[in-house]
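The numbers here are math on the coordinates, done by the rules we state, and not lab data. Bear in mind that the values here come from a model prediction, so they are computed numbers and not experimental data. Note that we place each Cβ from the backbone using ideal geometry, even for glycine, and neighbour counts take in every protein chain shown.
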Amino acid sequence: MKVTLKDKTFALYLREEEILGNIAEIGKRISADYAGRTPLLLGVLNGSFLFAADLIREVKCDCQITFVKLASYIGTGSSGEVRELVGLAEDIRGRDIIVVEDIVDTGLTLEKVMDTLQKHSPASVKVATLLYKPEAYKGKHKIDYVAMEIPNAFIVGYGLDYDGLGRNLRDIYQIVS
Ligand code: 5GP
């Protein structure tokens with residue numbers, strides 16, 4: 001099955017049932033790892049909204065959820081684009097944080113999130129991601145909970161977009177052309 005979004009064509013890659021099955025597995029692991037604690041899931045918007053919604057329903061210990069966003073703007077210094085974590089409303093000092101990402105590609109986004117979180121002295125920080133591209137990853141942080149590893153190709157669906165489109169697709173699609 002194929003879909004076209006703007007000028008690009010995508011082919012069916014991962015079905016909803018497989019996605020949800022894999023999310024249930026990491027939900028079980030999180031439930032066991034955090035038994036007796038109350039982790040705070042920290043979803044990184046926009047792409048993680050469906051994953052966060054499905055993941056939290058698979059977590060059987062007490063837990064809480066909040067969302068942050070990375071705002072991009074062009075800085076005045078030499079570094080060009082600046083990405084800043086916004087919306088961290090909760091007090092995360094002393095909390096067990098699980099960062100919930102849609103996809104870890106190069107790992108730059110994750111690094112920015114982790115650097116910011118560490119300044120707020122959480123008790124622990126782990127990372128859960130729906131998708132992980134090991135071939136592209138250049139980061140230093142361990143990715144603790146991975147629902148699915150994928151090759152280095154652009155995908156859409158299940159919350160992930162191409163130019164704002166495709167987030168509503170139930171399955172995940174891979175770019176063809
Ligand atoms: P990173 O900083 O790890 O290189 O990239 C992470 C961000 O880039 C993700 O949160 C996502 O917004 C975007 N991204 C990376 N790969 C893909 C992809 O294959 N499809 C979509 N839709 N977004 C991607």
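For the range 97-136, count all C-alpha to C-alpha pairs, find those more than 17 Å apart, and express that count as a whole percent of the total.
Tail fraction, whole percent: 28.
From the P(r) of the range 33-102, can you give the percent of Cα pairs sitting at distances over 19 Å?
42
When Lys and Arg each count +1 and Asp and Glu each count -1, what net charge do the other residues less than 11 Å away from ILE155, Cβ to Cβ, add up to? List each step's numbers first, then the result.
Values: positive: LYS133; negative: ASP102, ASP105, ASP161, ASP171.
Once all neighbours under 11 Å are counted, the net charge is -3.
Say a site is exposed when it is one of the trypsin sites (Lys or Arg not before Pro), sits in a DSSP loop, and has at most 15 other Cβ atoms within 10 Å; what is then the longest site-free stretch of the chain?
Here the longest run is 61-92.
Calculate, axis by axis, the spread of Cα positions in the range 30-72 along the three principal axes, and write the results as whole Å, longest axis first.
37, 16, 13
As a quick test, which of the pairs LYS69/LYS133; LYS28/LYS69; LYS28/LYS126; LYS28/LYS60; LYS112/LYS142; LYS60/LYS112 have an alpha carbon distance above 18 angstrom in this structure? Walk me through the numbers on the way to the answer.
Values: LYS69/LYS133 21 Å; LYS28/LYS69 26 Å; LYS28/LYS126 15 Å; LYS28/LYS60 8 Å; LYS112/LYS142 14 Å; LYS60/LYS112 29 Å.
Going by Cα-Cα distance, LYS69/LYS133; LYS28/LYS69; LYS60/LYS112 fall outside the 18 Å limit.
Using just the helices of the chain, give the 222 nm mean residue ellipticity in deg cm²/dmol: DSSP H runs with n ≥ 4 each add -39,500 (n - 2.57), and the total is spread over all residues, rounded to 500. Display every interim value, and only then the final one.
On the way: 3 runs with 37 residues, N = 177.
Helix-only estimate at 222 nm: -6500 deg cm²/dmol.
Figure the gain on full extension for ASN168 and TYR73 (residue separation times 0.36 nm, minus the Cα-Cα span) and round it to one decimal in nm.
Answer, rounded to one decimal: 31.5 nm.
Radius of gyration and Dmax for the range 102-171's Cα atoms, expressed in Å?
Taking only Cα atoms of the range 102-171, I get Rg and Dmax of 13.3, 37 Å.
Based on alpha-carbon atoms only, what is the radius of gyration of the range 46-177 relative to the globular estimate 2.2 N^0.38 Å?
Relative to the 2.2 N^0.38 Å estimate, the range 46-177 comes out at 1.09.
Report, ordered by chain and residue number, the aspartates and glutamates lying within cross-link reach of LYS6, taken as a straight Cα distance under 17 Å and ignoring same-chain residues fewer than 8 apart.
Within reach: ASP161, ASP163.
Find which of THR129, MET148, LEU117 sits farthest along the positive direction of the dipole of the range 87-156, computed with +1 on the beta-carbon of Lys and Arg, -1 on that of Asp and Glu, about the Cα centre.
Result: LEU117.
Considering only the chain, what is the antiparallel percent among its DSSP beta bridges, to the nearest 5? All intermediate terms of the calculation are to be shown ahead of the outcome.
Working: 18 of 40 bridges.
Here the antiparallel bridges make up roughly 45 percent for the chain.
Could you grab the relative contact order for the range 1-160? Cα pairs under 8 Å, six or more apart, rounded to a whole percent. Present the calculation step by step, with values, prior to reporting the outcome.
On the way: 273 pairs, mean separation 34.5, N = 160.
For the range 1-160, the relative contact order is 22 percent.
Roughly how many debye, to the nearest 20, is the charge dipole of the range 95-177 about its Cα centre, given +1 on each Lys and Arg Cβ, -1 on each Asp and Glu Cβ, and no other charges?
Values: 10 positive and 12 negative charges, 56 e Å.
Dipole of the range 95-177, to the nearest 20 debye: 260 debye.
Within the chain, which is the longest segment containing none of the GluC sites (Glu not before Pro) that sit in a DSSP loop and have at most 16 other Cβ atoms within 10 Å? Working shown, then result.
Values: sites that count: GLU58, GLU90, GLU135.
Result for the longest clean stretch: 1-57.
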